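Visitor: I am attaching a structure below and will ask some questions about it afterwards.
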Amino acid sequence: MLNLVRGALAAVFASLSISACQSVKTTQAGVVGIEREQRMAISAQALEQSANKQYSQLMAEAQKKGKLNPDPAQFARVKTIADSLIRQTPAFRPDAQGWRWEFNVLDSPEINAWCMPGGKIAVYTGLIDKLKLTDDELAAVMGHEIAHALREHSRERASEQTVAGLGISILATVAGVGQLGQKGMEYAYQGLLGLPNSRAHETEADRMGVELAARAGYDPRAAISLWKKMGEASGGEPPKFMSTHPPRSERMQDLTVYSEKVMPLYQQAKR
């Protein structure tokens with residue numbers, strides 16, 4: 001039954017993807033060799049406009065509460081690292097240096113950082129303070145988040161979900177399974193197709209992130225100690241089947257391989 005569901009969902013989504021999506025090459029491969037084909041059903045402009053609006057609202061709210069860039073020295077540190085990483089983005093996307101990059105530090109205990117489409121970055125004080133990050137480790141996490149934006153993973157994920165929603169609706173109607181059956185198909189999609197795609201995004205961001213850091217003169221091996229700290233702070237991780245991130249052991253192994261691969265870039269940048 002599981003294989004039947006997998007096959008039916010995959011067939012419907014493949015058919016819809018061909019008709020509804022366009023093939024896009026968001027980035028160059030870089031030294032780490034990111035060459036996976038992406039298919040998009042949503043325009044980059046529409047997603048970026050939405051992201052810009054949301055970012056402005058979040059920053060305005062933080063400003064009103066006195067939680068925006070509370071420590072000038074901490075903000076300066078983040079800005080220096082972000083500027084260094086952004087200067088390296090043409091290695092993957094020549095157009096990225098023309099983006100309207102913004103970066104802010106939010107006073108929050110959350111261990112978190114993100115980069116919205118178009119280059120809107122936020123780093124939380126909880127990430128820096130609780131994990132006691134070095135500059136190299138901070139560059140690793142920011143490089144990872146910037147890589148998500150360069151690769152347009154948010155746009156790709158939104159496109160997949162749009163196509164998946166349409167496919168599930170059509171399949172449920174044809175099969176006559178009703179609302180409960182449709183919900184089951186949605187869970188099946190997440191477990192069989194959606195989550196593996198998300199893990200692919202995380203792996204790409206890991207690999208691109210270490211290259212950006214190395215090119216900017218930050219030790220790419222710091223990504224390994226960063227994710228060890230993140231894993232310890234999380235108090236464990238969900239099973240691989242239900243996780244949008246690769247299992248920690250696999251992630252450490254992959255980061256070890258790719259950080260060594262970009263070491264010549266780091267050594268050249270440090271000369």
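The values are calculated or read from the model by the stated rules, or taken from the named source; none is laboratory data. Note that the structure is predicted; figures quoted are calculated from it, not measured. All Cβ positions, glycine included, derive from the backbone under ideal geometry; neighbour counts span all protein chains shown.
Visitor: Under 7 Å between Cβ atoms, which residue pairs at least 6 apart in sequence (or on different chains) link something in segment 50-74 that is of a type in the set (Gly, Ala, Ser) with a partner that is crowded, with 16+ Cβ neighbours inside 10 Å?
Guide: Listed pairs, sorted by first residue: ALA51/MET116; ALA51/PRO117; ALA51/GLY118; ALA51/LYS120; ALA62/LEU68; ALA62/LEU106.
Visitor: Counting only residues that are modelled with pLDDT of 50 or more and either small (Gly, Ala, Ser) or surrounded by 15 or more Cβ atoms within 10 Å (Cβ to Cβ) (or both), how many does segment 1-23 have?
Guide: At the first step, the residues of segment 1-23 found to be modelled with pLDDT of 50 or more are 20-23.
Now restrict to residues that are either small (Gly, Ala, Ser) or surrounded by 15 or more Cβ atoms within 10 Å (Cβ to Cβ) (or both): 20-21, 23.
The qualifying residues number 3.
Results for (1) out of contact with any Lys or Arg (no Cβ under 8 Å at 6 or more places or on another chain); (2) farther than 25 Å from LEU255 by Cα; (3) modelled with pLDDT of 95 or more, shown as yes or no for each residue.
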| position | (1), (2), (3) |
| --- | --- |
| THR80 | yes, no, yes |
| GLY98 | yes, yes, no |
| VAL105 | yes, yes, yes |
| ALA139 | yes, no, yes |
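Visitor: Which number in (1) over 19 Å from the mean Cα position of the chain (by Cα); (2) surrounded by 15 or more Cβ atoms within 10 Å (Cβ to Cβ) marks the one condition that SER56 misses?
Guide: Of everything listed in (1) over 19 Å from the mean Cα position of the chain (by Cα); (2) surrounded by 15 or more Cβ atoms within 10 Å (Cβ to Cβ), SER56 misses just condition (2).
Visitor: Right, another one. If ARG157 meets every condition in (1) surrounded by fewer than 21 Cβ atoms within 10 Å (Cβ to Cβ); (2) touching a strand residue (DSSP E or B) at 6+ places or on another chain (Cβ under 8 Å); (3) of a type in the set (Lys, Arg) apart from one, which number is that one?
Guide: (2)
Visitor: Which residues, counting only those in segment 68-93, are surrounded by fewer than 17 Cβ atoms within 10 Å (Cβ to Cβ) and either under 20 Å from ALA139 (Cα atoms) or touching a Leu at 6+ places or on another chain (Cβ under 7 Å) (or both)?
Guide: ASP71, PRO72, ALA73, GLN74, PHE75, ALA76, LYS79, THR80, ASP83, ARG87, PRO90
Visitor: Please specify each residue of segment 42-61 satisfying the condition of being aliphatic (A, V, I, L, M), modelled with pLDDT under 95 and more than 18 Å from TRP101 (Cβ to Cβ).
Guide: ILE42, ALA46
Visitor: Sticking with this one: Could you check how many residues of segment 19-74 are of a type in the set (D, E, K, R), over 30 Å from VAL257 (Cα atoms) and outside any helix (DSSP H, G or I)? Show your work before the answer.
Guide: Here is the first cut: in segment 19-74, the residues of a type in the set (D, E, K, R) are 25, 35-37, 39, 48, 53, 61, 64-65, 67, 71.
Subset that is over 30 Å from VAL257 (Cα atoms): 48, 53, 61, 64-65, 67, 71.
Now narrow it down to the ones that are outside any helix (DSSP H, G or I): 65, 67, 71.
Here the count works out to 3.
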